[in-house]
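So the structure is just underneath, and the comments pick up after that.
The values are calculated or read from the model by the stated rules, or taken from the named source; none is laboratory data. Keep in mind that what you see is a predicted model, and the values were worked out from it rather than measured. Quick reminder, even Gly has a Cβ in these numbers, built from the backbone with ideal geometry, and neighbours come from all protein chains shown. SASA here: full protein model, heavy atoms, side chains in, ligands and nucleic acids out. Shrake-Rupley method; radii C 1.70, N 1.55, O 1.52, S 1.80 Å.
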Amino acid sequence: RYVYGGTSLTSGTDCSGFTMRVFQRFGHSLPRTSGAQASATRSVSQGSERPGDLFFYSNGSRINHVAMYIGGGMVIHASNPRDGIKISNAYYRHPAKIGRVMN
């Protein structure tokens, strides 16, 4: 379920807590916030995204949301308290950055 500020995959998490914990389970360290995660990833161009890449979305002035690409033009993300963790089209919003953690 979605919990603002949460980092638990079982008790509740927000968007950046979700990506941080998923990557942690596979031995990769990410910072806590979506903005810091954006800074910690290598940019890739649209059309070059691969499963595991992170899509970062902005409110215009700063990164405020992150989702994980799962392939087929789709992302999984901790959306909001109403929708929880869900799968969406990767371009449901215009990404400010697509970042890669793994080579």
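Just name the residue that is most open to solvent (accessible area, probe 1.4 Å) out of those in the range 20-52 that are among the charged types (D, E, K, R) and over 15 Å from HIS94 (Cα atoms).
Filtering first and then ranking leaves ARG25.
Could you give me the residue pairs with C-beta distances under 9 Å whose first residue belongs to the range 63-85 and is open to solvent by less than 40 Å² (accessible area, probe 1.4 Å), whose second residue is modelled with pLDDT under 95 and not in a strand (DSSP E or B) wherever it lies, and which are 6+ apart or on separate chains?
Short answer, once both residue conditions are applied: HIS65/ASN59; ALA78/ARG1; GLY84/ARG1.
Taking only the range 7-19 into account, find how many residues are in contact (Cβ under 8 Å) with a residue 12 or more places away in the chain and either open to solvent by 40 Å² or more (accessible area, probe 1.4 Å) or not acidic (Asp, Glu) (or both).
So the answer is 9.
Across the range 1-39, what is the number of residues that are part of a helix (DSSP H, G or I), of a type in the set (S, T, N, Q) and closer than 18 Å to TYR57 by Cβ?
Residues in the range 1-39 being part of a helix (DSSP H, G or I), of a type in the set (S, T, N, Q) and closer than 18 Å to TYR57 by Cβ: 5 in total.
Between a first residue in the range 34-58 that is under 10 Å from TYR69 (Cα atoms) and without any contact (Cβ under 8 Å) to a residue 40 or more places away in the chain and a second residue that is assigned to a strand (DSSP E or B) and open to solvent by 70 Å² or more (accessible area, probe 1.4 Å), which pairs have beta carbons less than 9 Å apart while being 6 or more apart in sequence or on different chains?
That search, which allows pairs on different chains as well, returns PRO51/ILE70.
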